[in-house]
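The next block holds one structure in the form of C-alpha cells; read it before the comments.
What follows draws every value from the coordinates through simple rules; no lab data is involved. What you see is a predicted model, and the numbers here were worked out from it, not measured in a lab. Backbone-built Cβ (ideal geometry, glycine too); neighbour counts: all protein chains shown.
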Amino acid sequence: MTLSSQLSLRFGVNLSILFTELPLLQRPAAAAEAGFDAVEMWWPFDGPEPSDKELDALAGAITDAGTQLVGLNFDAGDMAAGNRGLLSRPGDSARFLANIDVATGFAGQMGTTVLNALYGNRDPEVGAQAQEELATENLVLAAQAAQRVGATVVIEALNSFESPNYPVTTSKYANYLVERVRSSGQQNVGFLADLYHLARMGEPVQRLVEAEGATFGHVQIADTPGRGQPGTGELDWPALLGGLDASGYSGHVGLEYRPVGPSAASFGWLSTLKEAA
C-alpha cells in the first residue's frame, strides 16, 4: 500500500504481530482484503529447518492472496520465551547456521529482498567481544547466502525495556555491526530502523530519518510507548513519515505494531495521514 499520491512510501503488514486473530495461513488473504499487497514476518516455524510441506503451504498462502513477502526474519529461537536471535551465541550458532540456506532459499523462491538477523541475547558464559566476533562471522555467512538470491541482511536495534538482555539497543551499535560486516567485503547488509524501538530508547528519530533514511536497509513502525498503531501514542507520524519519504528511502515500511482492537480496524491512521499529506 502506498501512502498517497504525494508520498511514495509503501507499507507492508507484519503477519507475526498483526492478524494474529487468524491462523498464519489465513493472514496473507486478510492483509490483501485490508488493501495491502506486501507482507513480512518473523521466522514462522518452530525450528530452523521446516519440512517442504510447511514451506510450500506458506508460499502458497502468500501467493494465492496476491501478496509479496518483502521481509523475513532468520530463525531467532523461541521469541515468546525471550529468545532474541541466535547468531552471537555459541550454544545457538549451529541452529542459526542450519537456518541460513533454508531462509535464503525461501527468500529466493518468494522474491524477498530483506532478511532480518537478530543478534541474540547476552551469553553469561562468554564475553561481549567473543559474541561480537561470532556474530560478525555468522553475519558474513548469512550475507553471502543472501547475496546469491539478491537479498540484503539487516541488523536491528531493540529496546532494553522489553529485551533487557539484548545488547544491540542503539542505531550507533547496529550501524557499527553493519560496517564490520561490510569491511569483510559483504556490502549487502544494512540497518533495520525500527522507529518504535529507537524512540523507546530516546533516540532523535525525526533527525535520524531525515539524515539517514536513504541508507536504511528496512524500516518498521509502531507508536510509543505502547507499541500500538500510529496515533495511539506520542510520535508525530505525519512529520516522521514525511521526513522518511523526503530522505529518499525506497523500501517498504513494515507495520509491526500490536493493534488496539481488531487488526482489520487498525488502519484508520493511514487515512488521517493521507489527509495530512
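For the chain, the 222 nm mean residue ellipticity estimated from helices alone, with every DSSP H stretch of n ≥ 4 adding -39500 (n - 2.57) and the total spread over all residues, rounds to -11500 deg cm²/dmol. Between K172 and R10, the modelled label-to-label distance comes to 3.4 nm, taking each label 7 Å out from Cα in the direction of the beta carbon. Using 1/(1 + (r/R0)^6) with R0 = 51 angstrom and r between the beta carbons of R148 and E125, what's the FRET efficiency to the nearest 0.05? Working from the Cβ atoms, E equals 0.95. A Förster radius of 45 Å, combined with the Cβ-Cβ distance separating D52 from F161, puts the computed FRET efficiency at roughly 0.70.
Take 84-92, 121-129, 247-255 and order them by the average number of nearby Cβ atoms within 10 Å per residue, most first; the result is 84-92, 247-255, 121-129. The local environment of A146, defined by Cβ-Cβ distances under 14 Å, has a net charge of +1 under the rule Lys, Arg +1 and Asp, Glu -1. Across the chain, C-alpha contacts under 8 Å between residues 6 or more apart give a mean separation that, scaled by the residue count, equals a relative contact order of 18 percent. What's the FRET efficiency of E137 with S250 using the Cβ-Cβ distance as r and R₀ = 25 Å, to the nearest 0.05? So the FRET efficiency works out to roughly 0.25.
With the simple spin-label model, which puts each label point 7 Å out from Cα in the Cβ direction, the L22 to V260 separation comes to 2.4 nm. Normalised by 2.2 N^0.38 Å, where N is the number of residues, the alpha-carbon radius of gyration of the stretch 1-105 equals 1.17.
Averaging the sequence gap over all C-alpha pairs within less than 8 Å and six or more residues apart, then dividing by the number of residues, gives the stretch 142-277 a relative contact order of 20 percent. Spin-label model, R207/L97: points 7 Å from Cα along the beta carbon direction are separated by 4.2 nm. Taken over the C-alpha atoms, the chain has Rg and Dmax values of 17.6, 53 angstrom. Taking the chain as a Gaussian network of alpha-carbon nodes connected by springs under 10 Å, the highest mean-square fluctuation of the residues A76, A117, A34 belongs to A34. When the charge dipole of the chain is built from unit charges on Cβ atoms (+1 for Lys and Arg, -1 for Asp and Glu) and taken about the Cα centre, the candidate among F267, G242, Y173 whose Cα reaches farthest toward its positive end is G242.
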